[in-house]
Amino acid sequence: MTLQKTDDLLAEQSYPVTAEELAERCGEHELTLPNGAETLEAVIERCGEETFESAFDAQQSVYSALSSKAIGRKGYSDRDPTPMGVDGHEPLSF
């Protein structure tokens, strides 16, 4: 399942809802991530004992609780230069 489909699934739920209730309702769905997959239940469990007041709250919490499997290349940014005085990553040429 993509993140857009996850947003749609979360939007279909009735709110307010606890993280535990949401995991029971939607937890079996598997998220397809750039570096693997994980269940929505695993992501929601990382949100803690939260109560979501709206679909937006649930979506933001899920996004913030995604594992490192959701990250492309760790530490990579083509936008921000390494700050002065900080040893950054060695440039990688493709």
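Only the coordinates and a few stated rules stand behind these numbers; no lab work does. Small disclaimer: the values here were computed from a predicted structure and weren't measured. As a convention, Cβ positions derive from the backbone with ideal geometry for all residues, glycine included, and neighbour counts pool all protein chains shown.
The amide H of His29, built 1.01 Å from its N in the peptide plane, has Leu40, Glu41 as neighbours under 5 Å, considering only residues 5 or more places off or on other chains. Taking every C-alpha pair closer than 8 Å and separated by at least 6 residues, the mean separation divided by the residue count of the range 3-70 gives a relative contact order of 37 percent. Rounded to the nearest whole Hz, the Karplus-based 3J(HN,Hα) values (6.51 cos²θ - 1.76 cosθ + 1.60, θ = phi - 60°) of the range 55-65 follow the sequence 4, 4, 4, 5, 4, 5, 5, 4, 4, 6, 9, with x at glycine and proline. Take the Cα of Leu66, go 7 Å toward its beta carbon, and the backbone nitrogen atoms of the range 19-37 under 17 Å from that spot belong to 29-37.
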